Structures are given as structure tokens and as C-alpha cells.
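Visitor: Structure provided below as C-alpha cells; questions to follow.
The values are calculated or read from the model by the stated rules, or taken from the named source; none is laboratory data. No experiment lies behind these values; they were computed from the predicted model shown. Glycine also receives a Cβ, built like all others from the backbone with ideal geometry; neighbour counts cover every protein chain displayed. Keep in mind that these areas ignore ligands, DNA and RNA; they rest on the heavy atoms of the full protein, side chains included. Shrake-Rupley method; radii C 1.70, N 1.55, O 1.52, S 1.80 Å.
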Amino acid sequence: MTETVDVKTLIIDGNEVSGRRGQTILEVARENDIDIPTLCHLEGLGDVGACRLCMVEIAGSNKLLPACVATIFEGMDVQTNTERLQKYRHNILELLFAERNHV
């Protein structure tokens, strides 16, 4: 008996890529050499989406989603580096440094 793998096809930054059911946007992006910045994503630890730097835009949604915990779906269209995201990430970093707790 063979196990079937449920493959999802999606678009990240205009590139058609595929991933397995249950994978996160960040996992699929990294497998395809697409950079999404992170701070709290560390191998061996569970992802919680706490730093918010990995936020991405999904076509058809006004909300930004954290790529480290958002799972892929068929036909998903993801943008990882828009002007909106750049401003958002800049603000997040400013807030982190304003806290003065960045050893």
C-alpha cells in the first residue's frame, strides 16, 4: 500500500511552487529559495508567529498573515515583499529597538 501525498500548488512572488498539505508558507518559500525575514523562527522550536516579521500578503485578503504558522492552500497567491510589508516590518523593528531589550 502506498501513501499518497496531497500536493498543493501556489504562487509566491509570481513563482509557481508546490508544497505538501500542512506545510507553512515559510517552509515552502525556503524550499524554493524565497526569502522571508524572521526573528522568532528557530529550528527545533515550535513556531508561534510572535515577532511578526514574516508577515505576508495573500491575494483576496486584507489581513497580513505570519508565514511561519499560516498553512498553504491550493491556488494561494502570496506576496512577500510589497511596500506595505516593508513599512510594516520597519515599524516592527522600530518598536523592538525602542523597547531597548535587544541583547
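Visitor: Express the accessible area of the chain per residue in Å², computed with a 1.4 Å probe while the remaining protein chains stay in the model.
Guide: 67
Visitor: Could you sort ARG30, ARG21, ARG52, ARG89 by their accessible area in this structure, using a 1.4 Å probe and putting the largest first?
Guide: These residues rank, largest area first, as ARG21, ARG30, ARG52, ARG89.
Visitor: Between ARG20 and ARG100, how high is the FRET efficiency from 1/(1 + (r/R0)^6) when r is the Cβ-Cβ distance and R₀ = 30 Å? Nearest 0.05.
Guide: Taking R0 as 30 Å, the efficiency between ARG20 and ARG100 is 0.10.
Visitor: On to the next question. Calculate I(q)/I(0) for the chain by the Debye formula, one identical point scatterer on each C-alpha and no solvent, and give its log10 at q = 0.11, 0.12, 0.16, 0.17 Å⁻¹ to two decimals.
Guide: Once normalised to I(0) and log-transformed, intensities are -0.36, -0.42, -0.71, -0.78.
Visitor: Still on this structure: Would you kindly state how much longer the chain becomes between SER61 and GLU31 on full extension, computed as 0.36 nm times their sequence separation minus their alpha carbon distance, in nm to one decimal?
Guide: Here the answer is 8.4 nm.
Visitor: For LYS8, what charge total do you get from the other residues with a beta carbon under 15 Å from its beta carbon, if Lys and Arg give +1 and Asp and Glu give -1?
Guide: -4
Visitor: Taking 25 Å as R0, compute the FRET efficiency from the Cβ-Cβ separation of LEU93 and PHE73 and round it to 0.05.
Guide: Efficiency, from the Cβ-Cβ distance: 0.25.
Visitor: Let me ask another. Can you give the longest stretch of the chain with no exposed loop site, where a site means GluC sites (Glu not before Pro) in a DSSP loop (not H, G, I, E or B) with at most 10 other C-beta atoms within 10 Å?
Guide: Result for the longest clean stretch: 44-98.
Visitor: Here is a further query. Given a 1.4 Å probe and every protein chain left where it sits, what share in percent of the accessible area of the chain is carbon and sulfur?
Guide: Percent of accessible area from carbon and sulfur atoms in the chain: 50.
Visitor: Take every DSSP beta bridge with both residues inside the chain and express the antiparallel ones as a percent of the total, to the nearest 5.
Guide: 85
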